[in-house]
Amino acid sequence: MEDDNKACPACCKTTVRTEEQKRKLLNRLSRIEGQVRGIKKMIENDAYCNDVLMQAAAVSSAMGAFNREVLRAHLKSCVIRDIRDGKDEVADELMDTLERLMR
């Protein structure tokens with residue numbers, strides 16, 4: 001199992017979060033999960049397309065808020081730490097992440 005981590009250095013990266021941070025993020029994800037289950041039920045019940053689309057837009061918005069919160073924490077902790085430690089490659093990683101988030 002240890003050999004797997006050597007083969008993929010990215011697997012070794014972790015972010016330590018406080019219990020409060022974890023609780024907030026997990027609560028957001030639970031709400032989003034509930035919204036997605038609601039959309040699934042709407043489809044099963046032949047809900048009107050526009051209503052489904054409005055709920056889907058709400059999920060997209062909620063995921064955007066979730067992503068912004070994780071990104072904010074990433075910048076304040078991981079990115080700043082790595083730059084201070086001389087790991088400038090974190091800037092390229094951040095740019096790749098931002099490009100994906102902005103699609």
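Brief remarks follow.
Residue by residue, here is whether (1) within 17 Å of ASN67 (Cα to Cα); (2) out of contact with any strand residue (DSSP E or B) (no Cβ under 8 Å at 6 or more places or on another chain); (3) of a type in the set (S, T, N, Q); (4) at pLDDT 95 or above holds:
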position: ASP4; (1), (2), (3), (4): no, yes, no, no
position: PRO9; (1), (2), (3), (4): no, yes, no, no
position: LEU29; (1), (2), (3), (4): yes, yes, no, yes
position: GLN35; (1), (2), (3), (4): yes, yes, yes, yes
position: ASN45; (1), (2), (3), (4): no, yes, yes, yes
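- Note on the stretch 29-48: among residues that are of a type in the set (Asp, Glu) and part of a helix (DSSP H, G or I), the one that is surrounded by the most Cβ atoms within 10 Å (Cβ to Cβ) is GLU33.
- Scope the stretch 49-100; condition of a type outside the set (Asp, Glu) and outside any helix (DSSP H, G or I); matching residues: GLY86, LYS87
- Test for LYS76: is it within 22 Å of THR18 (Cα to Cα) and surrounded by fewer than 13 Cβ atoms within 10 Å (Cβ to Cβ): yes
The values are calculated or read from the model by the stated rules, or taken from the named source; none is laboratory data. This is a predicted model, so every value here is computed, not measured. All Cβ positions, even for glycine, are placed from backbone atoms using ideal geometry, and neighbour counts span all protein chains on display.
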